[in-house]
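Read the structure below first, then the notes.
Derivation of every value follows stated rules applied to the coordinates shown; laboratory data play no part. Since we're looking at a predicted model, the values are computed, not measured. A quick note on method: Cβ atoms are made from the backbone with ideal geometry, for glycine too, and the neighbour counts reach across all protein chains shown.
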Amino acid sequence: MTAVITLALPIFAVIAVGLAAGRLRLMTNADSQTLNKFVFRFAMPAALFGLTATTPPPGPDYLPLAASYALAGFAAIFGTYLAAQALFPITREEAGAHAFAATIGNAVFLGLPIALAVGTWARAYIVLMLIEGVAVITIGASLMAPRENGLSLAGRLKKTLKAPLTNPLVIASSSGFAFSALGLDLPESGVQFFKILGAAAGPAALFSLGLFLATNQYPDIGSIAGRAVSILAVKLAFLPATALAAARLLGVDDPTHMSALALFTFMPSGVTSFVMASQYGIYKTETASALLLSTVCAIFTVSGVLIVFS
């Protein structure tokens, strides 16, 4: 648990600095929106492109692992999307943000350092990051994109398919995956460029989250508690349980693959969910609450993974 707390504390510290900046009136809500634009349009795409472009596509040995996470991820995001609309008085776009927050994990800023520290888990973990970066973000963008009334079925389908293609995160992930699949190599200067710009994504997004919490009127906790807890339940219970069960059914017997899958799926909600919700202008408070709550809980769930699988 000490190792997880050591990694989690800086995350809360950066959020706290943003919170303090807002409380002391050193920065405003407009600054939070500007930071989110920078993360959404520049820093996060750079991080995703740098990761996917320099990660070889998974070989045949990793297909059962990839399929296990893909099945669980699709079940989580689509199931939560439908359940959220049935359980809460929210729009379809808000349900999309709800489902995305319940599926996307803090894979880069919390999970990857742990996987790299273990060493043998790193390759399988990065394969799972590749799938999440391309597939889950694409689906999330589709579900969160605004819908227009009065469109024909063909028009709605066209708009739904087009929505992810205008999302910088989807463009970056897909382009990086294609770059890698074609066997192209980034020059070292390019690798360093994307690494430097991408490294700004996490701190800027976390700082912006704290600033958002400080400069926005928070609703009554009772009005959002059910939504935040339901996101937490899917992210830290349903998703990992489904992924590990699927892995067993698909014959994943490599201990390092199972360990990486457990670590990956027990990650808390990722800051990407808050960044995307902010850009679409929906569900920001609920997403921020779920992110904070799941990060606290993940200190215990990720510690449990390390105890059981190490």
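For the reader, a short list of remarks on this structure follows.
- CD proxy at 222 nm, helix term only [per DSSP H run n ≥ 4: -39500 (n - 2.57); per residue of the chain; nearest 500]: -23000 deg cm²/dmol
- As a ratio to 2.2 N^0.38 Å, the alpha-carbon radius of gyration computed for the range 2-309 takes the value 0.95.
- Only one residue of Val275, Leu261, Thr52 has its Cα farthest out toward the positive end of the dipole of the range 2-309, where Lys and Arg carry +1 and Asp and Glu -1 on Cβ, and that residue is Val275.
- Ranking of Glu93, Glu286, Glu188, Glu132 by count of other Cβ atoms within 10 Å, fewest first: Glu188, Glu93, Glu132, Glu286
- Taking other residues whose beta carbon is less than 14 angstrom from the beta carbon of Val271, and scoring Lys, Arg as +1 and Asp, Glu as -1, yields +1.
- All aspartates and glutamates inside 16 Å of Lys284 as judged from Cα atoms, apart from same-chain residues fewer than 8 positions distant: Asp31, Glu93, Glu94, Asp220
- The HN-Hα couplings worked out from phi for the range 111-120 by the Karplus form 6.51 cos²θ - 1.76 cosθ + 1.60 (θ = phi - 60°) are x, 4, x, 5, 4, 5, 5, 5, x, 6 Hz, whole numbers, x standing for Gly and Pro.
- Only one residue of Ala30, Ala214, Tyr125 has its Cα farthest out toward the positive end of the dipole of the chain, where Lys and Arg carry +1 and Asp and Glu -1 on Cβ, and that residue is Ala30.
- On the basis of the beta-carbon distance and an R0 of 45 Å, Asp61 and Ala225 show a calculated FRET efficiency of 0.55.
- Separation in nanometres of the label points that stand 7 Å from Cα toward Cβ, at Phe78 and Leu165: 2.2
- Given 14 as the ceiling on other Cβ atoms within 10 Å, longest exposed-site-free region of the chain for trypsin sites (Lys or Arg not before Pro) in DSSP loops: 148-310
- Simple rule: put +1 on each Lys or Arg Cβ and -1 on each Asp or Glu Cβ in the chain, find the dipole, and look at Gln192, Val252, Ala97; the Cα lying farthest toward the positive end is Ala97.
- Each Lys and Arg adds +1 at its Cβ and each Asp and Glu adds -1 at its Cβ; summed about the Cα centre, the chain shows a dipole of about 640 debye.
- Calculated FRET value between Ala181 and Leu116, using beta carbons and R₀ = 22 Å, to 0.05: 0.40
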